[in-house]
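The values are calculated or read from the model by the stated rules, or taken from the named source; none is laboratory data. In this text, all values refer to a predicted model and were calculated from it rather than measured experimentally. Here the Cβ is made from the backbone with ideal geometry for all residues, glycine too, and neighbour counts use every protein chain on show. Accessible surface areas use protein heavy atoms only, side chains included; no ligands, DNA or RNA. Shrake-Rupley method; radii C 1.70, N 1.55, O 1.52, S 1.80 Å.
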Amino acid sequence: MNRKTLVLPAVIGLLAPVLAGCGGADSGGKGGAIVVGTTDQFVATKDAPAPFDPAFAYDAGAWNVLRQTVQMLMRVPRGGGEPVPDAASKCGFTDTQNESYRCTLRSGLKFADGDALTAEDVKFSIDRVLKIKNNNGPIALLSNIDTIETNGDHGIVFHLKTPDATFPYKIATPAAGIVDSDTYKTDKLRDGFDAEGSGPYTLKTETEGERVVRAVFTKNPEYKGDLELRNDKVELRSFADTRSMEKALRDGDISMMTRTLQPEQIKDLSENPTKGIELVEMPGLEIRYLGFDTEDSTVKNRAVRQALAAVVDRGELASEVYPATAEPLYSLIPNTITGHQNAFFNKYGEPNRPKAAGILSAAGISTPVKLTLNYTSDHYGTATKKEFEVLQEQLNATKLFDVSIKGTVWSKFRDSQKRGEYAVYGMGWFPDFPDADNYVAPFLDKDNFLNTPYVSSETRNKLIPESRRAADRASAAKPFERIQEIVANDVPVLPLWQGKQYVAARDNITGVEWVLNSSADLQLWELGRGVS
């Protein structure tokens, strides 16, 4: 996922927030709504006409809207762990090979408009994603489905092409959000900002031009699922920058601010607490990385990518740009997810200019190598620019590289990256689900999120399938360790850092400690009001 932002699911549920919000008097919001600020931007463009269509949406911000409005068969519990039924009353594999997955729907399910929701709607919704097959969409999460079989109004069976023990996690994402065939077309995206389903809330948006400035979620009286709503209405308000969002919190215009808080804000709120406002730290699984178009002439030779891996100083990057909020990352798989190993550190060690020079010399590459590092100027917060300035300084200081940097707004950046217009680019990843598979397949498997030309046959044809056969995810560690070694050697992506996540809220808001899970899923139903 842009998305996309790793501990055994069972362990994630044990990770307690560092600081929990307590409760208090009314503040922030009109008409009783709890108002939440975000710097996520929701924009409809020619290349991205349907930001909230489950067949198109595949970034953390859009998914956080969809999680409130569409319902999935399964959901990840508030603190992480294995998925539990939501629209379904029960689900499970029916074979020992993890190739056939059966669900039974709850009785009496309805869409928000009162239409009955049946197994045929589930089949329609997932078939629709597979048929539309949008290049920017989440199809890769569902592409292993071979056929879908319904049995009456309540029974549905997914027959998979190959074994996949992670399938329950995949149908707990908005990629498998259930929509109504009366309002969504089989083979066409639903343009604009409408999103309708059977989830906990209904949605109304307020726009300025092509951008959503407010998304209002109102409790859906037809919702029948596993969630307990602690409020009747929540407003998600989009801000152009973090400073204006913070001002709105301090002024009492909003009740909480979430992604993305900048490092200096987190430091200030932590060291200089403001009466009535609390900063909450939560476990986070976000990663940042450099990606490469391995067919571009400037980085096609693996030695260039290896040399970059040998000189990037992750420790300096984290401490200078993201003090106390990030730590160096030496693998695609974060250090709290089963299967992680420090593959890049094992291969390259500490930043080492002589080693990088030797790699380039042995490959016959003249220096300095001229590169442009591309980044998105508005998607991950204002610190991204500083991050790339530090990278630029590090690389140019070696005299092995001649680096320039270029920032582009997300609405243009993402499409250009997918089209292969950038040789080197920086992106972040928020996991679709907390499993090592979701830090490997989206980058390296067929139909991958990056649309990368890089292919490791061993990874795609042997190691990923082997890992998915393991129902006990701890036993999948061995193939993941080998994948990390391949990535460190070939460097199709270069991991940089792993981040924590924070929210700040008025002290009269309850449930703040649960509003984000470890995968950065926004759980607005957890918020309520209490006594400060």
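Restricted to the range 408-430, and to residues there that are touching a strand residue (DSSP E or B) at 6+ places or on another chain (Cβ under 8 Å) and assigned to a loop (DSSP other than H, G, I, E, B), the residue that is nearest to Lys370 (Cα to Cα) is Ala423. Looking for something more than 28 Å from Leu308 (Cα to Cα) and part of a helix (DSSP H, G or I) - is there at least one such residue anywhere in the range 270-281? So far as the range 270-281 goes, yes, one or more of its residues are more than 28 Å from Leu308 (Cα to Cα) and part of a helix (DSSP H, G or I). Among the residues making up the range 342-360, a single one is surrounded by fewer than 14 Cβ atoms within 10 Å (Cβ to Cβ), part of a helix (DSSP H, G or I) and either more than 32 Å from the chain's Cα centre (by Cα) or among the small types (Gly, Ala, Ser) (or both): Pro354.
If you check Leu73, Leu19, which single one turns out to be modelled with pLDDT under 85 and over 18 Å from the mean Cα position of the chain (by Cα)? Walk me through it before giving the result.
Values: Leu73 fails: modelled with pLDDT under 85.
Unique residue meeting the criteria: Leu19.
Checking each residue in the range 368-387 for being buried (at least 17 other Cβ atoms within 10 Å of the Cβ) and closer than 18 Å to Asp296 by Cβ picks out Val369, Leu371, Leu373, Asn374, Tyr375.
Residue-by-condition table, conditions (1) of a type outside the set (S, T, N, Q); (2) at positive phi; (3) outside any loop (DSSP other than H, G, I, E, B):
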site	(1), (2), (3)
Asp253	yes, no, no
Arg259	yes, no, no
Asp268	yes, no, yes
Leu290	yes, no, yes
Gln306	no, no, yes
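Name the residue, out of Glu421, Glu485, Glu481, Glu458, that is under 23 Å from Ala48 (Cβ atoms), at pLDDT 95 or above and over 22 Å from the mean Cα position of the chain (by Cα). Can you show your working first?
Numbers: Glu485 fails: under 23 Å from Ala48 (Cβ atoms); Glu481 fails: under 23 Å from Ala48 (Cβ atoms); Glu458 fails: under 23 Å from Ala48 (Cβ atoms).
Exactly one residue qualifies, and that residue is Glu421.
Per the conditions (1) outside any strand (DSSP E or B); (2) over 18 Å from the mean Cα position of the chain (by Cα); (3) of a type in the set (A, V, I, L, M, F, W, C), the sole criterion not satisfied by Phe56 is (2). Being under 14 Å from Ile333 (Cα atoms) and modelled with pLDDT under 95 is a description that applies to Phe430. Residues in the range 300-340 that are within 30 Å of Ser475 (Cβ to Cβ) and either surrounded by fewer than 18 Cβ atoms within 10 Å (Cβ to Cβ) or among the aromatic types (Phe, Trp, Tyr) (or both): 3 in all.
Yes or no, residue by residue, for (1) of a type outside the set (S, T, N, Q); (2) at pLDDT 95 or above; (3) under 30 Å from Asp415 (Cα atoms):
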position	(1), (2), (3)
Ile266	yes, no, no
Pro273	yes, no, no
Ile277	yes, yes, no
Arg288	yes, yes, yes
Phe292	yes, yes, yes
Glu295	yes, yes, yes
Arg302	yes, yes, yes
Asp313	yes, yes, yes
Ala324	yes, no, no
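Across the range 200-240, which residue is least open to solvent (accessible area, probe 1.4 Å) among those that are in contact with a Gly (Cβ under 8 Å, 6 or more places away or on another chain) and of a type in the set (D, E, K, R)? That would be Glu235. In the range 95-131, the qualifying residues are those that are within 15 Å of Asp164 (Cβ to Cβ) and charged (D, E, K, R), and the one that is modelled with the highest pLDDT is Arg102. Scanning the range 388-414 for residues that are open to solvent by less than 30 Å² (accessible area, probe 1.4 Å), out of contact with any Leu (no Cβ under 9 Å at 6 or more places or on another chain) and among the β-branched types (Val, Ile, Thr) yields a total of 2.
Would you pick out the residues in the range 55-95 that are under 26 Å from Leu450 (Cβ atoms) and among the small types (Gly, Ala, Ser)?
Just the residues of the range 55-95 that are under 26 Å from Leu450 (Cβ atoms), to begin with: 55-67, 70, 72, 76, 80, 83.
Within the range 55-95, Ala55, Ala57, Ala60, Gly61, Ala62, Gly80 meet the criteria.
Looking only at residues in the range 497-515 that are within 17 Å of the chain's Cα centre (by Cα) and β-branched (Val, Ile, Thr), the one that is farthest from Asn342 (Cα to Cα) is Val515.
Ser297 meets each of the listed conditions (1) in contact with a strand residue (DSSP E or B) (Cβ under 9 Å, 6 or more places away or on another chain); (2) surrounded by fewer than 21 Cβ atoms within 10 Å (Cβ to Cβ); (3) of a type in the set (Gly, Ala, Ser) apart from (1).
What residue, among those in the range 226-238 that are part of a loop (DSSP other than H, G, I, E, B) and modelled with pLDDT of 95 or more, is nearest to Ile178 (Cα to Cα)?
Out of the qualifying residues, it is Leu227.
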